[in-house]
2 protein chains.
Amino acid sequence: MEKPQAVLFDAYGTLFDVYSVGLLAEQLFPGRGQALGVLWRDKQIEYTRLVTTSNHGAHYQPFWALTRAALAYAIKKIAPPGASAQAIATFNGQVDQLMNQYRHLSAFPENKAVLKALKARGIATGILSNGDPEMLGIAVRSAGMEGLLDHVISVDAVHKYKTHPEAYALGEQATGLEAANILFVSSNSWDALGATWYGYQTLWVNRYQLPFEELGTPPTRTGASLRDVLSFFEA
Amino acid sequence: MEKPQAVLFDAYGTLFDVYSVGLLAEQLFPGRGQALGVLWRDKQIEYTRLVTTSNHGAHYQPFWALTRAALAYAIKKIAPPGASAQAIATFNGQVDQLMNQYRHLSAFPENKAVLKALKARGIATGILSNGDPEMLGIAVRSAGMEGLLDHVISVDAVHKYKTHPEAYALGEQATGLEAANILFVSSNSWDALGATWYGYQTLWVNRYQLPFEELGTPPTRTGASLRDVLSFFEA
């Protein structure tokens, strides 16, 4: 396999820690903050799939709107049955607080060193994300990554979320390279699988010691942090 | 809205209780049977979406294969870290036992009375399911429903799972009716949503007191059991 000429990163879960909202979630919902975070994330991903598949994408909504909808669902699901009028009145406030936190997710600590090492080798870098352009812009600036990324690609351009092939095709179009010459990096196993199926070289960053998807196709490599990206460029 | 001329039912979760594997799961994995059942079901649905969306369905596998893959994933995920060689050796046996149970899921108790009431009114009835034809045939026979269903429709005919429009179109093709004149019934809120978007009249059977999907479109009606189907035919 040829050494990749560019590296594209998934954003949410890979560069930015989607569970870094957990502390605030725990303050708002004592004892249920972690469950809320997981439910929110799962529902967010589910919504990207529902709007992509149904009626060929006719029900597309930007990632910010789907993230908010997923949070509203998650709070309703974990709310105790027969919640009081007061509890319902605080609902919108909780959504607003958590969405504001989501806008400023923590970046994983090793990110910038890895991006700098890639730039030093002359490798093109970028993000290929379900996030909409405004969300991605804020997240990249908050993390101080502006100068380290050649491409910030949002699936919003095609109104189809990953793992739709039109979403993955954006990486080839932005870099001018074929997928086989690009390394795609994701901590989300479904995303690493979809990118592998599409034709990318892939690194699955298995941050939480999970099994890989059992669908018969492994990623090119599996690592434990973004630092494992550099293994693709060693002699 | 016109009274529907046919009623199509989702199968898994709607006619057949996907959580009826719970007792065996609890025997095999004490204290974690329920968690395994939920994880299995969620992963099964996730896999239908991944293979439908990725590369336009090129990675399609029948529902039985995806159900088995989802179970393998779920067992690996709940297995204690550093499982012993013996634990790994029993793994395939556990998968086989649970898959055999899945083949003979319990039917919800009100099903047959509702189907009989529809037949008595001359309404066409059927199943429109992600299940593959063999699974559906066994489940329908086990439940004694053969004479009560005019159509048993599997998405396997198009190699696209719900909520893909080609899957929902099969209901129109089998009945010769437009979706607007068909009632589609599902306990799965994502399926009730997808069918509503497609154009069916819909009943969401909310068996577990869950919130509906927060994507801006409600089902035509919400009920608590299959008996609520009959409300569509009252004067």
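Each reported figure results from applying straightforward, stated rules to the coordinates on display, with no laboratory input. Computed from a predicted structure; not experimentally measured. Quick reminder, even Gly has a Cβ in these numbers, built from the backbone with ideal geometry, and neighbours come from all protein chains shown.
Under the convention that each Lys and Arg Cβ holds +1 and each Asp and Glu Cβ holds -1, the size of the dipole of the protein assembly as shown around its Cα centre is about 780 debye. Under the simplified labelling scheme, the residue B:38-residue A:106 pair shows an inter-label distance of 2.5 nm, with each label point 7 Å from Cα along Cα→Cβ.
Over chain B, what relative contact order in percent results from Cα pairs under 8 Å that are six or more residues apart?
Values: 367 pairs, mean separation 59.1, N = 235.
Computed value for chain B: 25 percent relative contact order.
Distances from residue A:57 to itself in the other copies, using label points 7 Å out along the Cα-Cβ axis, amount to 1.8 nm in increasing order.
By Cβ position, the chain B residue that hugs the axis carrying B onto A most closely, with its distance in whole Å, is B:49, 2. From the largest down, chain B spans 63, 39, 33 angstrom on the principal axes of its Cα atoms.
Normalised by 2.2 N^0.38 Å, with N the number of residues, the alpha-carbon radius of gyration of segment B:33-73 equals 1.17.
Could you tell me what fraction of 2.2 N^0.38 Å the Cα radius of gyration of segment B:105-235 comes to, as a two-decimal ratio? Kindly include the intermediate steps, with their values, before the conclusion.
Details: Rg = 14.1 Å, N = 131, 2.2 N^0.38 = 14.0 Å.
Normalised Rg, Cα atoms only: 1.00.
In chain A, the longest principal axis of the Cα atoms and the axis of helix A:189-198 are about 40 degrees apart. Take residue B:1, push a point 7 Å out from Cα through the beta-carbon direction, and compare it with the same point in every other copy: 5.0 nm, smallest first.
Note down the net charge around residue B:177, summing +1 for each Lys or Arg and -1 for each Asp or Glu among other residues with Cβ under 13 Å from its Cβ. Could you put the intermediate results ahead of the total?
Values: positive: B:3; negative: B:2, B:150, B:172, B:178.
Net of charged neighbours comes to -3.
Taking the DSSP beta bridges with both ends in the protein assembly as shown, the antiparallel portion is around 5 percent.
Of A:160/B:162; A:76/B:76; A:76/A:162; B:119/B:160; A:43/B:3; A:43/A:76, which ones are farther than 24 Å apart at the Cα? Could you put the intermediate results ahead of the total?
Details: A:160/B:162 17 Å; A:76/B:76 30 Å; A:76/A:162 27 Å; B:119/B:160 30 Å; A:43/B:3 34 Å; A:43/A:76 12 Å.
Over 24 Å Cα-Cα: A:76/B:76; A:76/A:162; B:119/B:160; A:43/B:3.
When residue B:218 is represented by a point 7 angstrom out along its Cα-to-C-beta vector, the spacings to that point in the other copies are 5.1 nm, nearest first. According to the Kirkwood relation over distinct C-alpha pairs, the hydrodynamic radius of the protein assembly as shown is 23.6 Å.
For segment A:64-182, pairs of C-alpha atoms spaced more than 26 angstrom apart make up 37 percent of the total. Which of B:108, B:184, B:63 ends up with the largest GNM mean-square fluctuation for chain B, with Cα atoms connected below 10 Å? Comparing B:108, B:184, B:63 in a Gaussian network model of chain B, the most mobile one is B:108. Mean per-residue shielding of peptide A:212-219 is 5, counting Cβ atoms of other chains within 10 Å of each Cβ.
Using the Kirkwood radius built from alpha carbon pairs, what does the Stokes-Einstein equation give as D for segment B:19-103 at 20 °C and 1.002 mPa s, in µm² per second? Provide the component values of the computation, followed by the final result.
On the way: Rh = 13.4 Å.
Taking Rh from Cα pairs, D becomes 160 µm²/s.
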